[in-house]
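Bear in mind that the values in this text are calculations on the coordinates, not laboratory data. Quick caveat, the model's predicted, so the values are computed rather than measured. Virtual Cβ from ideal backbone geometry, glycine too; neighbours counted across all protein chains shown.
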Amino acid sequence: MAENNKLLEAPDDPANEQPLVSHLIELRNRTVKASIAVLVIFACLSPFMKQIFDFLSQPLMVALPQGVKLLATGVVAPFMVPLKVTLFVAFLIALPYVLYQLWAYVAPALYRREKRLALPILVSSIVMFAVGMAYCYFIVFRMVFQFIAGFSPDSVNFAPDIDSYFSFVLTMFVAFGLTFEVPIVVMVLNHVGLASYEKLVKARPFVIVGAAPLRPEHGPRRPRSGQQLYLRPQLPQRGGAHAARRALAAASRSSARDPLPGRHLAREVLRKVAGRDRRHAQG
């Protein structure tokens, strides 16, 4: 019973409050733990710095001409760039533990229902960020580098610098990782009431969706929010009377909701059926 009461206690309960110095000390301790975890993983990966950088540069090496390699224009670039790549990989591997330390620091200030919501969001954010990076590495990089290498003139030796390549890869990883976080952000905004379903529906035409150019030009479309759209029905090649009866039944159902769309739909169906029957009669 006492444990349940503790779970239901408000985070701003004076009995649970701690001085500012205690919060700072706890934050320092958890930051040190997260940093130690990253450094330990980095120390374990240090002997494999060359292999890690070769794996990261594989999409570009496939697109380069035969015998061309990356350039290192700086004096310490052959050492520092693989070191940065290894440190970045170590941080990604230690990211669940780092986020756990962040969660352990923030969790005491949350209600129980907020904890139930925050934990799945935290896990799904890690998964979606990793999926975005994998999509960028295995799909986007190969297409982008082949496209760029194909447009390189014959008089240009396409051999990028390893430092600029790492900066480009890091930027793309972060960009795609954050892009794949958009569904989670929308879900959180909808849950807290900042973005309702009606607002999302109104903002949908202004959102650039990658699947929009892939939508087929022909075929029926789904109606919006239960309203009958002004669609051109797909009539069969024969049996115009049956098609007309089905379309008129749909128009009557639509007119029960909104008379104007049903009237337009019925007029358009009758015009198309009459024109098709005339063409069959002439043929």
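Worth pointing out:
- Just one residue in the set S167, S152 is out of contact with any Gly (no Cβ under 7 Å at 6 or more places or on another chain) and not in a loop (DSSP other than H, G, I, E, B); that residue is S167.
- The set of residues in region 65-100 that are in contact (Cβ under 8 Å) with a residue 60 or more places away in the chain, part of a loop (DSSP other than H, G, I, E, B) and either over 28 Å from the mean Cα position of the chain (by Cα) or over 26 Å from L27 (Cα atoms) (or both) comprises P65, V68, K69, L70, A72, T73, G74.
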